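Q: Got a structure for you, written out below as structure tokens; questions coming shortly.
The values are calculated or read from the model by the stated rules, or taken from the named source; none is laboratory data. All of these numbers come straight from a predicted model, not from anything done at the bench. Glycine gets a Cβ as well: all are built from the backbone with ideal geometry, and neighbour counts include every protein chain shown.
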Amino acid sequence: MVEYHELFMPRPFSSTPLSEAKAGPVLCVERLEGSESVCRRLREVGFCEKAEIRLLSRGGQMICNVCGTRLALSRQLAKKIWVTSSAVEVES
């Protein structure tokens, strides 16, 4: 069964938690989940909705490039950041 929001608000890219994203490509923050204080802190360090970020490493800590700065996040915190592939338009 097709849900109502799928008919009227199509999403060209599927979202995934940052903790499950591949390292390398530019990603776009779609939404934040968690308590108000956690979401506020994530926004303060640059993980705002529509921000472009790059996951650099998926080791013990998730290393991200956000606003020109490298930040380390726990996997637990990275699960609260939902991202999509960044759509980059190429002019012909």
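Q: When the residues of region 6-25 are narrowed to those that are modelled with pLDDT under 60 and surrounded by 10 or more Cβ atoms within 10 Å (Cβ to Cβ), which ends up nearest to the chain's Cα centre (by Cα)?
A: Once the filter is applied, the top-ranked residue is Phe13.
Q: Is one or more of the residues making up region 46-65 at pLDDT 95 or above, of a type in the set (Val, Ile, Thr) and in contact with a helix residue (DSSP H, G or I) (Cβ under 7 Å, 6 or more places away or on another chain)?
A: no
Q: Among the residues of region 17-32, count how many are assigned to a helix (DSSP H, G or I) and out of contact with any Phe, Trp or Tyr (no Cβ under 8 Å at 6 or more places or on another chain).
A: Qualifying residue count for the region: 2.
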